[in-house]
Amino acid sequence: MTNKKYKIILIEPSAIIATGLQELLKSYKDFEIIGVFADCEHYSEHITRLHPNILIINPAVIDFRHRHCLEDLFDSSESCSLIALVYQYVEPEVLKHYHTTIDIRDSKDKIIKKIESVANTATVSSEQPDAAELSEREKEILVSVAKGKINKEIAEEHHISIHTVITHRKNISRKTGIKSVSGLTVYAILNNLLDISEVE
Amino acid sequence: MDTFLFTPQMKLADLIHTDYKLLLLLPRFGLNLGFGEKSVQECCKQNGISDTLFTMICNVYAFSYYLPGEKELNQVDIKQLILYLQRSHSYYLNNRIQIIQHQLTTISEKGAVKQRHILDRFFEEYKKEVVKHFEYEENTVFPYVLNIEQDAAKAGYSIESFEENHTNIEEKLNDLKNIIIKYLPGTELLSEKTDILFNIFSLEEDLNKHALIEDKILIPLVQKQERHHDK
């Protein structure tokens, strides 16, 4: 596959900086900026739906109260790399959450290099197929979930750790696109994994 | 990047042509079709609606990059905003959700008994969730918002708890989409299934916009009032 495009979302409150960075990346075919936002508070859902490969964020938009915002974004778009865009000193503790940092004083080449290095790692994970059917184990777990059992009970029943139960549940929801317990119950019954009398 | 936005001076018909989904807003404002060449301002005035609020809500609907400015927010009539939100709630419940439920029944009736039972039950649960969500807003949040204007807000509550309690009512709707797209057996009723899916996608989109109006207009407005009272 050639002519690969990396989809970038930029979250930067300064219009000057945002426009500048867009302009700078314009001449690079590999990068496409698919969205620019001034803050991330109210856009988080929107952002994940655009499925970016790279998120460039000014850490200043994520204040102390909303630092969870970043983790939310990060969690729901695991194949997406994070780049911090900084004007001034930012605590290393904060930058730890990012894959790399662009300083606005960086040269053009340096900026491109940084984005490229991150982009390369981003695609590896995003190209993994996601279409697999549920495994037998996952089906068993799903039936337990549909019966209304809580994680602890499921763990005991199947002799696995709670952590493993959570991983299975995440995978089940990712594959089926169904998250709620009642939705999974419907799935289980439609697929004859469970009889309706068992959930009455 | 030029940012195009609606203004009260534009023709109302032009707004609809720009984004036909704005049609859904008209009944909630009590506006009728057949407004000829009238501007937003004129139409709003005739119907006793704030044109600032109407334009603002249209902008939130149509442009994801739009965020109302401080000056605009100062002009918002909170009572009208709350009225709009309440009307939206009853529109979703009595209109959109009702239609989807009806369509789902038509589809499930064709299937096996167990199917019908489980699908109907799933949708009832979803409806209950939505009702609970709206009731919380109407019984707790809106009275608080209306009171804070008159300085009589209950102590111990703040709009921040609203943000925390803002539950996710989209999850089940999204689940239902996947159930119909991917897992509902039977080759019949294709057009009924696509119809219901269009309605679900559109309701979902509309509910997202509704949440945006709360996030971009209601919450900042109330936070400003709260700051004002704290001083």
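The values are calculated or read from the model by the stated rules, or taken from the named source; none is laboratory data. All figures in this text were calculated on a predicted structure; none of them were measured in a lab. Ideal geometry is used to build each Cβ from the backbone, glycine not excepted, and the neighbour counts take in all protein chains shown. Only protein heavy atoms, including side chains, enter the accessible area calculation; ligands, DNA and RNA are left aside. Shrake-Rupley method; radii C 1.70, N 1.55, O 1.52, S 1.80 Å.
How much of the DSSP beta bridge set in the protein assembly as shown is antiparallel, as a percent to the nearest 5? So the antiparallel bridges in the protein assembly as shown amount to around 5 percent.
Tell me the total accessible area that A and B bury against each other, 1.4 angstrom probe, in square angstrom rounded to 100. It would help to have the intermediate numbers written out before the result.
Values: alone 12340 and 12870 Å², together 22910 Å².
Buried: approximately 2300 Å² between B and A.
Distance between the 7 Å Cα→Cβ label points at A:Y87 and B:Q98: 5.3 nm. Extent of the range B:1-126 along its three principal axes (Cα atoms, max minus min coordinate, largest first): 56, 34, 32 Å.
The contact residues of the range A:148-193, meaning those that lose at least 30 Å² of 1.4 Å-probe accessible area when all protein chains sit together rather than their chain alone, are A:T176, A:G177, A:I178, A:K179, A:S180, A:S182, A:V186, A:Y187, A:I189, A:L190.
Rounded to the nearest 500, the helix-only mean residue ellipticity at 222 nm of the protein assembly as shown stands at -17000 deg cm²/dmol, with each DSSP H run of n ≥ 4 adding -39,500 (n - 2.57).
Where q = 0.13, 0.15 Å⁻¹, what log10 of I(q)/I(0) comes from the Debye formula for chain B, counting one point per Cα? Computed log10 I(q)/I(0) values: -0.87, -1.07. Compute the long axis of helix B:219-230 from its Cα atoms, compare it with the longest principal axis of the Cα atoms of chain B, and write down the angle in degrees, 0 to 90, nearest 10. Tilt of helix B:219-230: around 40 degrees. Once the Cα atoms are used to define both axes, helix B:113-136 deviates from the longest principal axis of chain B by about 10 degrees. Shape analysis of the range B:74-130 based on the Cα gyration tensor places the equivalent ellipsoid semi-axes at 35, 10, 5 Å, largest first.
For A:F37, nonlocal amide neighbours, meaning residues 5 or more places apart or on other chains whose placed amide H falls under 5 Å from its own, are A:L10, A:I11, A:E12.
How large a share of the accessible area of the range B:1-125, in percent, is made up of carbon and sulfur atoms when the probe is 1.4 Å and the other protein chains stay in place? Each step should come with its number before you reach the end.
On the way: 3350 of 6370 Å².
Reported share for carbon and sulfur atoms: 53 percent.
Per-residue 3J(HN,Hα) values for the range B:203-208, derived from phi via the Karplus relation 6.51 cos²θ - 1.76 cosθ + 1.60 with θ = phi - 60°, read 5, 4, 5, 5, 5, 5 Hz in sequence order (x marks Gly and Pro).
Would you mind counting up the charge near B:I49? Only other residues with Cβ under 15 Å from its Cβ, with Lys and Arg at +1 and Asp and Glu at -1. Please list the in-between numbers first.
On the way: positive: B:R28, B:K38, B:K45, B:K79, B:R87; negative: B:E42, B:D51, B:D77.
Within the 15 Å Cβ shell, the charges total +2.
Estimated at the nearest 10 Å², the accessible area of A:H99 is 100 Å² with a 1.4 Å probe. Taking a ≥ b ≥ c as the square roots of the eigenvalues of the alpha carbon gyration tensor, the protein assembly as shown is oblate, as a/c is not under 1.5 and a/b does not beat b/c. Solvent exposure of A:E140, expressed as accessible area, is near 80 Å², computed with a probe of 1.4 Å over the protein chains only.
Give me the accessible area per residue for chain B, probe 1.4 Å, as a whole number in Å². The partial results should precede the final answer.
Details: 11760 Å² over 231 residues.
Roughly 51 Å² per residue, with all protein chains present.
Along the axis of the charge dipole computed for the range A:135-183 (Cβ charges of +1 for Lys and Arg, -1 for Asp and Glu, origin at the Cα centre), the listed residues A:T176, A:I150, A:I166 are led at the positive end by A:T176.
Averaged over the residues of B:214-225, the number of partner chain Cβ atoms lying within 10 Å of the residue Cβ comes to 1.
Compared with the dominant Cα axis of chain B, that is its longest principal axis, helix B:51-62 is turned about 40°. What does the charge count around A:S14 come to, taking other residues whose C-beta lies under 15 Å from its C-beta (Lys +1, Arg +1, Asp -1, Glu -1)? Spelling it out: positives minus negatives among the neighbours equals -3.
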